[in-house]
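Below is one structure; the comments refer to it alone.
The values are calculated or read from the model by the stated rules, or taken from the named source; none is laboratory data. These figures come from a predicted structure and were not determined experimentally. Positions of Cβ are backbone-derived with ideal geometry, glycine not excepted, and every protein chain shown enters the neighbour counts. What goes into the accessible areas is simple: the full protein's heavy atoms, side chains included, and nothing from ligands, DNA or RNA. Shrake-Rupley method; radii C 1.70, N 1.55, O 1.52, S 1.80 Å.
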Amino acid sequence: TGMAQRLPSLELLDKTLFHLIAIGFPIFLVTIAFGVAWAVNNPELLEPRWYLAPKYFFTASTLILFASTFYIRKAGLLRGPKLAYILFIGFTLLLVGWILLEVFNTEIYGTVEASI
């Protein structure tokens, strides 16, 4: 119909999304690396076992999901709706996890509460 004809093709959307991920993934990776380097170089600001916090687990999970889908898509093994469904389900689960962490106010680093 009229609206569907004005939208770009699915192939163009797929290529555009891949290019956006190709830009966003390295930025996300560098941001995480700077955060870890900051935490390691400033141990007095965080508790000794900061890396055991649930939020860091979810950050690592997001990084793994992002990296795996990026490289699967880059290799051409998965494209289109199947990849979109996997990303949607994965990021929905991560979002629900983050929301649960906020609702239950989980700011525990090992056995010591964080002061941040």
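Carbon-plus-sulfur accessible fraction, the chain (probe radius 1.4 Å, protein heavy atoms only): 73%. With semi-axes √(5λ) of the Cα gyration tensor in Å in mind, check (1) 36, 17, 12; (2) 37, 18, 12; (3) 27, 18, 15 and report the label derived from this structure. Read-out from the structure maps to (1). For the pair SER61 and ARG49 in one chain, pulling the backbone fully straight at 0.36 nm per residue adds 2.5 nm over the alpha carbon distance.
Dividing the summed helix terms, -39500 (n - 2.57) for each DSSP H run of n ≥ 4, by the number of residues in the chain produces a 222 nm estimate of -24500 deg cm²/dmol to the nearest 500.
Ordering LEU87, LEU12, GLY24 by Cα displacement along the dipole of the chain toward the positive end leaves LEU12 in first place; charges were set at the Cβ atoms of Lys, Arg (+1) and Asp, Glu (-1). Shown is the FRET efficiency for LYS74 and VAL103, computed with R0 = 41 Å from the Cβ-Cβ distance and rounded to the nearest 0.05: 0.70. Rolled with a 1.4 Å probe across the full set of protein chains, the surface gives VAL40 an accessible area near 90 Å². Of the chymotrypsin sites (Phe, Trp or Tyr not before Pro) in region 49-110, the ones in a loop by DSSP (not H, G, I, E or B) with at most 13 other beta carbons within 10 Å are PHE104. The calculated FRET efficiency for ALA84 paired with ALA33, based on their beta-carbon distance and R0 = 25 Å, is about 0.35. Surface analysis of the chain yields an accessible area of 74 Å² per residue, using protein heavy atoms and a 1.4 Å probe.
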